[in-house]
Every structure is written in C-alpha cells, then in structure tokens.
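Each reported figure results from applying straightforward, stated rules to the coordinates on display, with no laboratory input. Model, not experiment: these values are computed from the prediction. So basically every Cβ, Gly included, is an ideal-geometry build from the backbone, and we count neighbours across all protein chains shown.
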C-alpha cells in the first residue's frame, strides 16, 4: 500500500512537467529479438499501456562486444535520466573476463526485475546422474571433460564456481555460444556438460538433454524434479536477473520515478503472465535489497579465476604477413601495367570537381549528424538539396522537383524509422 | 498429410490469407531497404501478435515476413548496387551489371524465379525430411564446421577475376578487415587501436554498403557529364521461357541444395549459403569468365541459395526446437509467448501449428513471386531516374541504413571509409567479391578452429581424423587446385 501511494505521488509529480518531459531512451545492448530485447519490449508495452510514465520509453538496440558497446554508451551518457540501460550480470562478468575495464560500480542501479535460475545439464544418454558424480570425474580426469561455454560470459563463470567448490576438479572450457549452440554440442556429444537458463532447458529438454542440478537454494516451482546444487552439497547459486541502470550521478529523484514505474509494471497482470510463460519469477527489488543482490553477484564472480583457455594461433599476424607480401606483388604488377596505359585525371573537368564536392558535402552531413548540431530532418533536407544542386549544375528548373524529393526523403524516412520502427535517428 | 491439407485449407481462408499477403509485402519492402532487416521487422511485429487468439495466425504473419524479407534484398542489389540485406550481396555482383547493360527486367525476373524455386526445394526438404536431417546435423563438431568454412574460403580462388594474385590479395584484405574487435573464440578485444567503438569490429552491413554502394555513387557522379544513355531500360525478359528453365535447371537444384544444407547449420547464415552456391556455380560453369559481369547463372545461384536457407533453417526449428538463424530464434520466442513448447514434442502436441508453418512457407513463396513480378515493371523505371535525384536519395539511404542497424554514427564513418576502400580497389582492378567472402567467413572459421582447439587440448589432428572434416578438407584442396590447373591448361587470352 505504501509503495502504491509512492507511485501515485510520483505520478502526480511528473504530471507537473518534471522528469520525464521527453522520451526516455532505454539502451538494450543486444540485437532485436533476443531474450533481453523481448523482455524490454514487454515492460515497455506495460508501461505505455497503463501510462506509468508520461513519456514513451524508446528501445535502442546497441549490440556488440559482449554488451560492452551498449553499456559503455550509457556509462558515458549525460546523467539526466534520459539514457538508461537494461543488462543482466554480464555487466559484472565483462569486467572480470577482461572485456571491459568497468563493472556495475560505474553505474547507478535503478532496480532488479525477474528471476530465472541456471540449470547444469548433460546429454540424455550421459552416465552422469548427479553433480557430485560429474565433478568427481572432472577431478579424476582433470582437464578432460569438455564444458560447452560462452567464454567470458556468465555460463563460463558458473563452471568456474563449480570447480571452486570441488577442489581438484577441472573442466576443459570451450567456446560454444548461445543456448542453441550449447544444445547442439551436447546432442552431438561434442561436450560433456553445459549450463542453460531454466527457460532454455525446459524448451530443449525433449530434444535429448537432462538436468543434473538447478543452481539455487530451493527447487524451482516450474521444474520441481530438478535437485538443487545446495541439496547436492555444492552451494553454487546462479540466478539470472535483469538490472536497470542509469549513468553515475543521475539524481536520486529521477531514479525513483523510473523505479516506481517499473515496480507498477511488474505488478501488471500481462507482464506477470508473460514472465510465467518464460519461467521467470516476476520479482522486483530496489534500494537495499537490490544493492545486496548486486554485491553478492560481484563477490561470487570475482572469486572465480578464469584460467587462460588453450592458446590459439595468432591469425591477424599470419594473415597480415601474407597480405603484406602479396600486396607487394600486386603493387609491382599494378605499377608495371599503369606505366604502359596511364590514364590521367582531368582535375578541371566538372564531374571531377562535382565528385569532390559531393564527397565533401557527404562528410559534412555525417559530421553534422554525429555532432548532433542539426536534426535529422533538417540536415537531410539540406543535404539532398545541396547534392542535387551540384549535380544539376545549379539549373533553376530543377530546384522545385529537388525540393519535393528532399522533403519527401527527410520527412518520409524519419517517419518510417521513428514512428513505425521506433528507431532513434541521429 | 491430411493435417497438411487442412493447414492449406485454413491458410486460404480470407483472414489468414490477408495476414500472409501483408507479411510478404512488408517483408519484401523491408528487405529492399538497407538497414531495415527481416529480424527487425519480425521482432517489432511480435508484440502485435499477442492479441491474436490463435498462435497459428501469428506464425502465418511472421513466416510470411521471413520469406518476403529474404527476397526483397535482390531489388536494391540489382537496381542500385546496394545490398538491401547481406544475403543478397552475391546478387549484386551480377545483377547490377546486367541491369546497367539494359536488362533490369531480366535480371530481376531471374532473381525472383530463382528465389521461388529455392524456396520450394527447401520446402520439400522441410516437409519430408525434417527429422532425419536435423538429427544428422548435430554430428558436426567444431572442427567439421571449421573445415566447411575453410573450404568455402578456398572458393575465393575460384571467384577471382583474371588475376589470381589480385583475387587472393583482395580475399586476404577482407580477412584482415574482419580481425579487429573481440576474438571470436575467447571474447578478448584485439587490434582496436584504443577505439572502444571498434570493440565490436567492423559491422557487415556498413562494410558492404560502403564497398558496393558508396563507391558506385562516386562513379555515378564522375559520369554525370555523359550523355543520356542510349540503352533502353525495360522490364522485358522478366518471364523466363521454357528454354531458360531447362538451361538453368541443374544450377537451380544444386544452389538450392547448398542453401538448404547451410540453412540447417546453426550460426551459418543465408549470406554464406549464397556465397557457396555462387562459387560452386562459377566453378562448374562453362562460361566462368562472365561471372561478375552480368552472368545469369550467378544471379540464379545466389538467389536460389539464399531463399533455400529459409526452409533449411526452419528444419531444426520444427524438428528439434533449435533455431538455425536469428529470425528463427524470434519465431521460437513467438511460439513460447503463445504458450506452446517448441521442440520434438511440438509435432505431437500442436501439429496444426507445425503444419501451418509449413503451409505458409509454401504459399508465401507464391505470393512473393507474384508481388515481385508485378512490381518489377515499376521498379525498372528507377534505372532511368536522373542521377541528380538518384544520387542524393541513395546516399541518404546508405547513411540511415548503416546507422539504423546498431544505432550508432560510428558505423556511418565505417561505411564512408569502406566506400573509399572500395573505390580505390576497383580503380586498381582488385575485385571486391573475394574481399567480402574473406570478411564474412574468416571470423566463423576462426571461431570454430578456436573451439575445436580448446576441445582437443591444442591438437590439430582431429581436422584430419574426423571423416566429415577430412571430406571438406579434400574438397577444399580440390577447389584450390582446380582453378590453377584450369589456368595452366587453357591458353592465356
């Protein structure tokens, strides 16, 4: 009741033209259609359907480099509460695997939502029936059992945590990739063991894999038949949770406004229904509880020391050397040919000057867009006009049709991209 | 079979049929615009399908979009030399020269027909052989994937133009350009020179747009003074005659089979399917010198294969619940959100949904072919549009397309830089095709080599002891030696 009243009060406050008075950008550091992306869109819809925020939430996908391209953008963003990040524990693991030089401490956490555990699984026909059996074998034959992982990602760290609790056990971690690749490796017996989120596991179970442990203290109500790691005497907990982050220095009252909206969204029936369909407990934590949760994850991950995996060939070096040698050969060939049939460029010709002008204007256009000096529509209109004028040799009769084309391009593209695809243009 | 018939019957009812048409048309349009991808369209449509009471309706809409989006790319590739999707990059190589030579209708017609056949052939596999094929594909390990991609890389030697050394040089440059970013097998950043934006490497779409479209734009501007072309651009020849079908039958089937096979493998996308089919077609062609200058066989191989990957990628999805591509992963998510459990049991528990997916894949192919053939007549007019208007419009599309995929300006600069690279390379007669192949394939080969070495503890031996891998290695050796052999045997022109 208290929380609800806080929500109502803050809603009233925002109606007075305070934060947010323009759309909030939510950076999702993965491509469209992935797990985190669909999660974000489900909450966005609940927030907009029930008008939990006075302004829309715009989802911006910035994938790449283990989510660090997107998280770095938020880290460096203006701490005004208009650029936020949605990212699970990869924010912690990226730091300890060396993919990023910052971790969760570089952000202001807003809230944690949803809770879905990790499952340790083997192939259906595998001889391992329990976690101790598997770890015993990993101890007897160290560095032989292949653990299909996504190197440097949370799945890899879980393997490290298991080893830590069973001294002497050593897996051989190999790069596999997303859930379907790890499934492929188990089914084809290319790996002995791997880890999946509960949602992935229940989806893939019938394809021929078997769970031997659920990484939590208590069994999951969705899969009560899977024994926990704690029951088997290996206290490894690994629960995936989506955290919402703001850049460091964002005012607390703005963080609260957003957290309130999220909290209300998580109570929404549609959202609860959707969470259940992906076997995710619809929990919501903020404040103390959230800080404790993040600290616990930080501690668990930092305790694991990832071993260097197998040394791999230095491809860039070899390719670089061969390319350099072949480049020299091609250079000699080209020079020999061009001396016989050299074609001089006529620098005074109109087309050459036009080409240089077009290139220059294009670079200027891109620079204007990236500096954010001119809006997309204005910049594009001017750009199309300018290029058109150059190419038509400033003939007046072309001005009107050009203006129409330019207007159609700038307005048309911006409406297709921003309205229909809800993308953000520079 | 009666279930499949029922699914067809259902699909031909007014509302599902309408959904299918909407899906195909939107898919084709999105496919034709660079920067907008089928994955994006489907991910954004997904929330709209929650309100549909029947999950089968949702699948009809989404699968139709899938079929449409993979086909639409050939329009912009052929007419503007701007690959709408990476999957249509090989179509650019032959479609555009053919369109410039006055046969845009024919080039598009060939592409549509090949897309259609590729879709149908992969559909047959989807319906008849889903289960056994999907089971078989799990036997491929990391080294097998490596050898497969390595073999495809060797195809560079066969797609080069007149000079072998230039082709290989171009391919190596492509490999080199793919190196910055995170290491594909360990995730460590490398060769980023301190630019953190480069942690994700050079993205495929900006590189492709830069190499092909931007360099083409500069060339167009340089030709601005030339008199209006005497060439007639029309849509004639878009309907293939009986003779065409006979000539290209073998190529169509071969390319489609390659596409199906590549589609089934996880993590290997439609663009690789079309690269491999294109190279195979060139290797077996009687007129390999025409490739890259408007070869009909090239268009057919590329388009048949990329559409065949759609059906191919649906095979593991339907049979095992394993998505073969990003779009399939979204389709799988759609099933989950509608309360269905994908996987082998889907066949038993919800056969109507499975058969609806199959029926849609079939009918959407027809809808795609009809819609594209009807619009060709209007699209070919683009070829006659004055350059002063076309150039700024295309370059804005290039900028927006590069930006939109990852929402960052960095990619726009990458695109412009690769435009300069592409222009320079073409000016000194270094072919672009091998560059693209090297750029796309090298990271996949390296990831699987890394994974294989991690699993074997550093031993390279399994590359030769695994029978599948050995087979691909021998094939790769053959592919490398064959063009050299042919070059030596045939007198120099």
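For chain A, the mean residue ellipticity at 222 nm estimated from helices alone is -15500 deg cm²/dmol, where every DSSP H run of n ≥ 4 contributes -39500 (n - 2.57) and the total is divided by all residues, rounded to the nearest 500.
In this rough spin-label picture, where each label sits 7 Å from Cα along the Cβ direction, the residue B:417-residue B:482 distance is 3.7 nm. With the convex hull drawn around the C-alpha atoms of the protein assembly as shown, the volume per residue stands at 169 Å³.
Using R0 = 35 Å, the C-beta based FRET efficiency linking residue B:459 and residue B:250 works out to 0.30.
With coordinates expressed along the principal axes, the C-alpha atoms belonging to the range B:74-156 extend over 47, 31, 18 Å, beginning with the largest.
Rounded to the nearest 0.05, what FRET efficiency do residue A:363 and residue B:101 give with R0 = 22 Å and r taken as the Cβ-Cβ distance? Could you check? Let's see the in-between values first.
Values: r = 32 Å, r/R0 = 1.47.
With R0 = 22 Å, the Cβ-Cβ based efficiency is 0.10.
Cα-based values for the range A:250-319, radius of gyration first and Dmax second, are 20.4, 57 Å.
Note down, for chain B, the three equivalent ellipsoid semi-axes (square root of 5 times each alpha carbon gyration tensor eigenvalue), biggest first, whole angstrom.
Numbers: eigenvalues 210, 164, 105 Å².
Values for chain B, descending: 32, 29, 23 Å.
Quick one: Debye curve from the alpha-carbon atoms of the range B:357-493 only, equal weights, vacuum; give me log10 I(q)/I(0) at q = 0.12 Å⁻¹ to two decimals. Log10 of I(q)/I(0), two decimals: -1.04.
Which value results for Rg/Rh of the range A:347-426 when Rg is the Cα radius of gyration and Rh the Kirkwood radius based on the inverse mean 1/r?
1.04
Based on the alpha-carbon set only, what is the convex hull volume of the range A:24-107 divided per residue, in Å³?
On the way: hull volume 7.2 nm³, N = 84.
Taking only Cα atoms, the range A:24-107 has a hull volume of 86 Å³ per residue.
On the beta carbon distance between residue A:276 and residue A:217, with R0 = 22 Å, the FRET formula returns roughly 0.60. The length gained on full extension between residue A:129 and residue A:49, counted as 0.36 nm times the residue separation minus their Cα-Cα distance, comes to 24.1 nm. In terms of packing, defined here as the mean over residues of other Cβ atoms within 10 angstrom, the peptides A:176-188, A:228-240, B:295-307, B:349-361 line up highest first as B:295-307, A:176-188, B:349-361, A:228-240.
A straight line joining the Cα centroids of the range B:55-117 and the range A:166-221 runs 39 Å. Taking one quarter of the surface of the C-alpha convex hull of chain A gives a mean projected area of 28.9 nm². Remark: B:398, A:331 ranked as A:331, B:398, counting other beta-carbon atoms within 10 Å and listing the fewest first. Can you give me the angle between helix A:35-49 and the longest principal axis of chain A, using Cα atoms only, in degrees from 0 to 90, rounded to the nearest 10? Between helix and principal axis, roughly 80 degrees. Annotation for residue B:471 and residue B:192: the two label points, set 7 Å from Cα along the Cα-Cβ direction, are 4.0 nm apart.
Placing dummy labels 7 Å off each Cα toward the beta-carbon, the span from residue B:366 to residue A:21 is 5.9 nm.
Using just the alpha carbons, could you tell me how many Å³ per residue the convex hull of the range A:117-214 encloses? List each step's numbers first, then the result.
On the way: hull volume 8.0 nm³, N = 98.
Spelled out: Cα convex hull of the range A:117-214, divided by residues, is 82 Å³.
Counting beta carbons within 10 Å around each of A:141, A:172 and listing the fewest first gives the order A:141, A:172. Over the range A:87-148, all Cα pairs binned in 10 Å intervals from 0 give whole-percent P(r) values of 16, 30, 26, 23, 4, listed from short to long.
Treating each Cα of the range B:37-183 as one equal point scatterer and applying the Debye formula with no solvent, the log10 of I(q)/I(0) at q = 0.09, 0.16, 0.19, 0.22 Å⁻¹ comes out as -0.45, -1.25, -1.31, -1.27. For chain A, take the longest principal axis of its alpha carbons; what is the angle in degrees between that and the long axis of helix A:198-208, to the nearest 10 within 0 to 90? Once rounded, the angle reads 80 degrees.
Quick one: compute the contact order of chain B, relative version, from alpha carbon pairs under 8 angstrom and 6+ residues apart, as a percent. Mind dumping the intermediate values first?
Values: 922 pairs, mean separation 144.9, N = 493.
Relative contact order of chain B: 29 percent.
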